[in-house]
Amino acid sequence: VRRRQSVGDGHLDCWTSETLRGDWPVLVSGPCGSAMDLAWHLAARKALPPWSSILAVSQLKGRGQTRRHWNSPPGNLYAAWLWPRLPEEWTRIASLLAGYTLCKALRIYVPDLRMKWPNDLLHGDVKVGGVLVEERRDLLVIGFGLNVSSAPGPQDMRPGAAAPAGHLGKLDRDCGILGLWLRLIGPAYQELEKIQAGKPGQFVRSMEELLAWRGRRVRIQETGEAERLGILVGLSEDGGLRLAEDAGEQVLYSGTILPV
């Protein structure tokens, strides 16, 4: 179902689906600076209710972790999903939650998809997507980028990137990017509800099953710190990365993982 929603002096196309709750509109934007910035702009004006989302055709100023530029040409999926603030024990690991629930929803179509801690999606050993979480007051915006039809070339990747970029090919061939996003939101939300019915520790154990390079020797590059080497054991209950070094096990909360 398509309708138009007024925003200031303009409007956005608004889509809903029979499989999606009617009060969770998906607003479709043409080329914009950033889907996340647009989501915050609309949320501040009470024009975007919780659990609704923005889907952008392309982004001029898309961003990833530490505000790195996210290459955003047409043909890929660029979404910003508005969540209400979660209980504190879940807000602390919101990035893991968002990445896991979207990864689980996508595994219906790409069964071997995995997660690279803390917020990237891998197909094989190539990066095909990423999640970025921003928090303001009582809201979270979940930014989600998925390489569906194209990926940045080696010249566009930052030095020291843990994995080359790739794309998922014809994932949207029978439904388009909008249809693909509508297919992901419902299952991702259902997975989130199921997770929050339990404890964070239970969720972490479930997430470990999808963790890339678990049990393998890896090196961790931390900003301003010496490189660390060890076996990637899994996750701590608060979402940290457990690394078994020669001197014992350490829990890390930042850094780039590279397989050895």
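Structural remarks
- The requirement of being hydroxyl-bearing (S, T, Y), surrounded by 15 or more Cβ atoms within 10 Å (Cβ to Cβ) and either outside any helix (DSSP H, G or I) or modelled with pLDDT under 85 (or both) is fulfilled somewhere in segment 58-68, by at least one residue.
- Hits in segment 213-230 - residues which are at pLDDT 95 or above and either small (G, A, S) or part of a helix (DSSP H, G or I) (or both): G215, G230
- Taken as a whole, the condition of being at pLDDT below 85 and in contact with a strand residue (DSSP E or B) (Cβ under 7 Å, 6 or more places away or on another chain) applies to W15.
- Any pair with Cβ under 6 angstrom, 6 or more apart, that starts in segment 165-178 at a residue that is under 19 Å from S29 (Cβ atoms) and ends at one that is at pLDDT 85 or above and surrounded by 18 or more Cβ atoms within 10 Å (Cβ to Cβ): D172/V148; D172/L180; I177/L77
- Listed conditions (1) surrounded by 15 or more Cβ atoms within 10 Å (Cβ to Cβ); (2) modelled with pLDDT of 90 or more; (3) of a type in the set (A, V, I, L, M); (4) assigned to a loop (DSSP other than H, G, I, E, B) are all met by I108, apart from (1).
- Number of residues in segment 157-187 that are over 25 Å from P259 (Cα atoms) and either in contact with a His (Cβ under 7 Å, 6 or more places away or on another chain) or modelled with pLDDT of 95 or more (or both) equals 0.
- Scope segment 231-240; condition of a type outside the set (G, A, S) and modelled with pLDDT under 95; matching residues: E237, D238
- Residue satisfying all of: in segment 231-260; touching a helix residue (DSSP H, G or I) at 6+ places or on another chain (Cβ under 8 Å) and part of a strand (DSSP E or B); surrounded by the fewest Cβ atoms within 10 Å (Cβ to Cβ) among these: G234
The values are calculated or read from the model by the stated rules, or taken from the named source; none is laboratory data. Keep in mind it's a predicted model, so treat the numbers as computed, not measured. All Cβ positions, even for glycine, are placed from backbone atoms using ideal geometry, and neighbour counts span all protein chains on display.
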